[in-house]
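The values are calculated or read from the model by the stated rules, or taken from the named source; none is laboratory data. Not measured: the values here are computed from a predicted model. Note that each Cβ is placed from the backbone with ideal geometry, even for glycine, and that neighbours are counted across all protein chains shown.
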Amino acid sequence: MPWKNGNPPFYNVWRDMLRRCYDKNYTQYKDYGGRGIKVCPRWRYSYKQFYADMAPRPPGLTLDRKDNDKDYTPENCRWATRAEQQQNQRRTRKVTIEGTTYLAILLAQQYGLKCDTIVTRARLGLPFNEVISKIRRKTGTPFKAIKISSKRRRARTHCSFGHEWTEENTRWGKNGKYTFRVCKACHNRRQKERWARKRLRAAQQID
Ligand SMILES: [Zn+2]
């Protein structure tokens, strides 16, 4: 057996792969087992077979899955440099926003943001318009509408996105006995976002 004298690095590759997928206390579990990533039975129950399929490991390279959403299988695994691996993860990273799953890279390109920004915000569980917002948040402070009294709200001259409450930009809505203003510019913006989401969903269904 190749690991008779302690655990050679190759054995650790196999052990860490299993930990990522099955050890709930392992730090990386949430990105692997927590996402439903498994190890194929051939490898899960046999270090020997993993060794037979993947050895030798070129120096300095790490075990990488070609498709980030698929399991550890001989077909889906290769040896890659850290840079290649990170690039691969970025290309295929998915985020779930308001119950819909998107490719993070597509959102990043569409809204001119960094992929990491999209991923971080989506993990905070922010709504779509905040995930793709150009406005920077201070780290750790969630987006939060500041609560102001209705009197002061009425006294405002601009909506929270900075559009002026002119007559042609304002529509009045009614909810029971309450009347409220709707910013038409914001309404259009939200509509555009809805279309963008629709297009993205369509694009994702193709690939
Ligand atoms: Zn507005």
**OP:** Could you please tell me which pairs satisfy a Cβ distance under 8 Å, a separation of 6+ or placement on different chains, a first residue in the range 183-207 that is more than 30 Å from GLU164 (Cβ to Cβ) and away from the ligand (no atom under 16 Å from the Cβ), and a second residue that is hydrophobic (A, V, I, L, M, F, W, C) and part of a helix (DSSP H, G or I)?
**Re:** LEU200/LEU106; LEU200/LEU107; ALA203/LEU106; GLN204/LEU106
Subject >> Qualifying positions in the range 170-184 - under 18 Å from ARG156 (Cβ atoms) and either β-branched (Val, Ile, Thr) or in contact with a strand residue (DSSP E or B) (Cβ under 9 Å, 6 or more places away or on another chain) (or both) >> reply: THR170, ARG171, TRP172, GLY173, THR179, PHE180, ARG181, VAL182, CYS183, LYS184
**OP:** Go through the range 165-182 and give me each residue that's in contact with a helix residue (DSSP H, G or I) (Cβ under 9 Å, 6 or more places away or on another chain) and either of a type in the set (D, E, K, R) or near the ligand (Cβ under 9 Å from one of its atoms) (or both).
**Re:** GLU168, ASN169, ARG171, ARG181
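Taking the criterion of being in contact with a Lys or Arg (Cβ under 8 Å, 6 or more places away or on another chain), outside any strand (DSSP E or B), at pLDDT 80 or above and within 16 Å of the ligand (Cβ to nearest atom), would at least one residue in the range 101-112 satisfy it?
Initially, the range 101-112 is screened for residues in contact with a Lys or Arg (Cβ under 8 Å, 6 or more places away or on another chain), giving 101-105, 108, 111-112.
Adding the requirement that they be outside any strand (DSSP E or B) leaves 104-105, 108, 111-112.
The next check asks that each one be at pLDDT 80 or above; those that pass are 104-105, 108, 111-112.
The next check asks that each one be within 16 Å of the ligand (Cβ to nearest atom); those that pass are none.
No, that holds for no residue.
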**OP:** Can you tell me which residue among TYR102, TYR51 is buried (at least 18 other Cβ atoms within 10 Å of the Cβ) and touching a strand residue (DSSP E or B) at 6+ places or on another chain (Cβ under 8 Å)?
**Re:** TYR102
Subject >> Residues of the range 159-191 that turn out to be surrounded by 11 or more Cβ atoms within 10 Å (Cβ to Cβ), modelled with pLDDT of 85 or more, assigned to a strand (DSSP E or B) and not polar (S, T, N, Q), as a count >> reply: 5
Original post:
When you go through (1) modelled with pLDDT of 85 or more; (2) touching a helix residue (DSSP H, G or I) at 6+ places or on another chain (Cβ under 9 Å); (3) surrounded by fewer than 15 Cβ atoms within 10 Å (Cβ to Cβ) one by one for ARG65, which number turns out not to apply?
Top reply: (3)
